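Let me begin by presenting the structure, written as structure tokens, before commenting on it.
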Amino acid sequence: MLKIKNLHVSTESNISILKGLNLEINKGEVHAIMGPNGSGKSTLASIVAGDPKYMITSGEITFNGKSLTDLEPEERSSMGLFLSFQYPVEIPGISLNNFIKTALNQKQKALNEKPFSAKEILEKIKKNAEILKIDLDFIKRSVNVGFSGGEKKRAEIFQMLMLQPQLSILDETDSGLDIDALKIVAKGVNSLRNNNSSFIIITHYQRLLDHIQPDFVHVLNEGKIIKSGGSDIAKMLEEKGYDWI
Amino acid sequence: MATEKNKTLKEITKNKYQYGFVTKIESEKFEPGLNENTIKLISAKRNEPSWMLDYRMKAYSALQKMTPPNWANLKIKPIDLQKIIYYSAPKKPKYNSLDEVDPELLKTFNKLGISIDEQKKIAGVAIDVVVDSVSVATTFQDTLKKLGIIFCSMSEAIENHSELVKKHLGSVVPYTDNYFSALNAAVFTDGSFCFIPKGVRCPMELSTYFRINEAGTGQFERTLIVAEEDSYVSYLEGCTAPMRDENQLHAAVVELVAMKSSEIKYSTVQNWFPGDENGVGGVYNFVTKRGICLDSAKISWTQIETGSAITWKYPSCVLKGNNSVGEFFSVAVTNNFQQADTGTKMIHLGKNTKSTIISKGVCAGKSNGSYRGLVKISKSADNARNFSQCDSLLLGQTCGAHTFPYIESSNKSSIVEHEATTSKISDDQLFYCKQRGIPEEEAIGLIVNGYCKDVLKKLPMEFAVEAQKLLEISLEGSVG
């Protein structure tokens, strides 16, 4: 599904961050990416989603066989790519409800499908709000404006469930969550988990992985994956820290 | 990213005015030019009583001693009053039903998406349609009549309700007020009149669509709304104009009289032709709008200004009565070479008077938008309160937003608050929207729409959809 080959990425101001990263994710797999601060985890998430703040200097990213390099973020989105932001952005005056409706129907448009009816959307909203224990009043609030850290992350997962992406990248979605919120977020992810949807879970902590069992764990350091393996790696890291590698 | 955004903005800026078409209706009109004879002719054409002609002549002589105002932050080519046609009316002026209305005209409304048919279906909206200068269709009259509400064209009002008009015309905006109010008083040909009797709550939104239609015809609308004690009315005004190369002068006067404990809500969507992407053509919109509030009365102005090459407009409230309330909610969008200098005046005279100002400016292209507002607290206005918020949103690098707030307070017990912000759409906001599958253009529309929310939500339901549509058109189909 996602293939990253020898990827080198720099910032706008030419600071090199990813230095030859390789990663392959197949349908239905969950990959966890761990690594110390500044190792390039968020850059990886951003470059896959198409954040214009980062530039590919060499290497390639393909998604379902198609190169992502020249595609706009919205094109990547309509192909089924989703990023749960580490720092979700505020959009004053636009309700989460209105925002997700617009997003859903833009996606339909991009796929040449007819727009969802108000009723269809409402049914989706109700179903997903229930999974995430979100109050319907919450959905009427402006996107991320005045949301607590936990509410922001829950709103990201809500959008993910609404959009039913093929590949979801969760960039430190667990940071700042209490244990109850963490369980709810994990429940949301697990409800989407099936043979067709894949996940990249970027995290510092083992505790999210207790609730979302990854198929693979990778350790990123200085812009490269330095170790890959099963979920036991995460447990070792939790106990011994990155020096262990 | 930056270049990409500029590209989209360039596309947005290139957006053509979608309401540019001319309705082919045979019309009767004067030769261009303004003199005493023109005014006599206008008055005679309309079978006006002699007091009306006297009033016009006084206004004309006042006009001759005045010069156009030059204090606004606007670059304007001189206006030659002698090149303007002052009277133009469809040949067959009155219709009893829609069937009699010129099919060409109905087509126009259909193109605009505001057909009378459609409008009639929207529950409770009565429309007094003004094409050029004479009203051609009025609906829902019977319902209004039963309540004693008068809602008719200004010509009919002068004919049938002469005393009421005579009493209030010019009482809020005298012809001596400014150059354009003098011009309007001298040559106005039509407009709307609305009277709500004591204790009556008008059960429907009253609405008028103005439309400039004759090449080179300036429109001089005159609107007068009188709300008697304990009454309520919500009035909607919407404008679109066909594409023109030459500038068209529009100098309207709107007067609101809110008697004791009454409330007038006046909403405007203004979308006159803004000129093309090179700044050629477009309507010059010089409007004087003012209301007076007696004890415990309330006047609320809401405006969505997206059109016109030049907008010069300051809907104001004179808070004369104790405990009276004035409100001003405004969205002004400028694009290409448009210039807008708009705002309000809140004149606090009575005790415990309150005013609220919320102004949202959106500037794109090479346009300039200015907020100009005066909050004046007079000596007598004990415990007066004002809150003003003036926000500007800039799209691109080549536009300008300016704020000129004036505060004059002569009473120590008053509280005046002013907040102002200037912002741009952030790259992070755009990326967030795009990641969710919303393309840049739609994302900009969405963000602008959200930014204007505080004002848009003040509009009556019937207007909210149209207002969003106009924002969309002004910023290239970007509002979803």
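Laboratory data are not the source of any read-out in this text; all were calculated from the coordinates shown. Predicted model only: the values in this text are computed from it and were never measured. With ideal geometry, Cβ positions are generated from the backbone for all residues, glycine too; neighbour counts draw on all protein chains shown.
Database remark: amide H of B:Ser316 closer than 5 angstrom to the amide H of B:Lys289, B:Arg290, B:Gly291, B:Lys345 (H placed geometrically; neighbours at sequence offset of 5 or more, or on other chains; Pro and chain starts carry no H). For chain A, the percent of C-alpha pairs falling in each 5 Å distance bin, counted from 0 to the bin holding the largest distance, reads 1, 6, 14, 18, 20, 17, 13, 7, 3, 1, 0. Shielding of peptide B:437-450 by partners, expressed as the average count of other chain Cβ atoms within 10 Å per residue Cβ, is 6. Helices in chain A that qualify as membrane-span-like (whole DSSP H runs, Cα extent of at least 15 Å along the helix axis, mean Kyte-Doolittle hydropathy of -0.5 or higher) are A:149-163, A:179-192.
Remark: mean inter-chain Cβ contacts per residue of A:40-53 equal 2, using a 10 Å Cβ-Cβ cutoff to other protein chain atoms.
Summary of packing: across the peptides A:132-145, A:194-207, A:109-122, the per-residue average of other C-beta atoms within 10 Å ranks them, highest first, as A:194-207, A:132-145, A:109-122. Where both residues lie in chain A, what percent of DSSP beta bridges are antiparallel, nearest 5? Taking every DSSP beta bridge within chain A, about 60 percent pair in antiparallel fashion. Grab the beta carbon distance between B:Ala44 and B:Lys75, set R0 = 41 Å, and tell me the FRET efficiency rounded to 0.05. For B:Ala44 and B:Lys75, the calculated efficiency is 0.60. In this rough spin-label picture, where each label sits 7 Å from Cα along the Cβ direction, the A:Lys224-B:Thr422 distance is 4.9 nm. Our coupling estimate for region A:18-26, obtained by passing each phi through the Karplus curve with A = 6.51, B = -1.76, C = 1.60 and θ = phi - 60°, is 9, 10, x, 8, 10, 7, 10, 10, 9 Hz, Gly and Pro reported as x. In this structure the amide hydrogen of A:Asn221, modeled in the peptide plane, comes within under 5 Å of the amide hydrogens of A:Ile226, none closer than 5 places in sequence on its chain. Modelled spin labels at B:Asp54 and A:Arg141, positioned 7 Å past Cα toward Cβ, are 6.5 nm from each other. Near B:Ser370, the amide H atoms lying under 5 Å from its own belong to B:Ala340, B:Asp341, B:Thr342, B:His402; only residues 5 or more places off or on other chains count, and H is placed 1.01 Å from N.
Residue pairs exceeding 30 angstrom between C-alpha atoms, taken from A:Lys66/A:Lys224; B:Lys434/B:Lys457; A:Lys140/A:Lys224; B:Lys77/B:Lys379; A:Lys140/A:Lys235: A:Lys140/A:Lys224; B:Lys77/B:Lys379; A:Lys140/A:Lys235. Where is the GNM fluctuation largest for chain A (alpha-carbon springs, 10 angstrom cutoff): A:Gly149, A:Gly59, A:Gly93? Looking only at A:Gly149, A:Gly59, A:Gly93, the biggest GNM fluctuation is shown by A:Gly93. Averaged over peptide A:74-81, the number of partner chain Cβ atoms lying within 10 Å of each residue's Cβ comes to 4. Here the spin labels are modelled as points 7 Å beyond Cα on the Cα-Cβ line, and at B:Lys167 and A:Gln213 they lie 8.5 nm apart.
Using alpha carbon centroids, what distance separates region B:309-366 and region B:377-398, in Å? Region B:309-366 and region B:377-398 have Cα centres separated by 8 Å.
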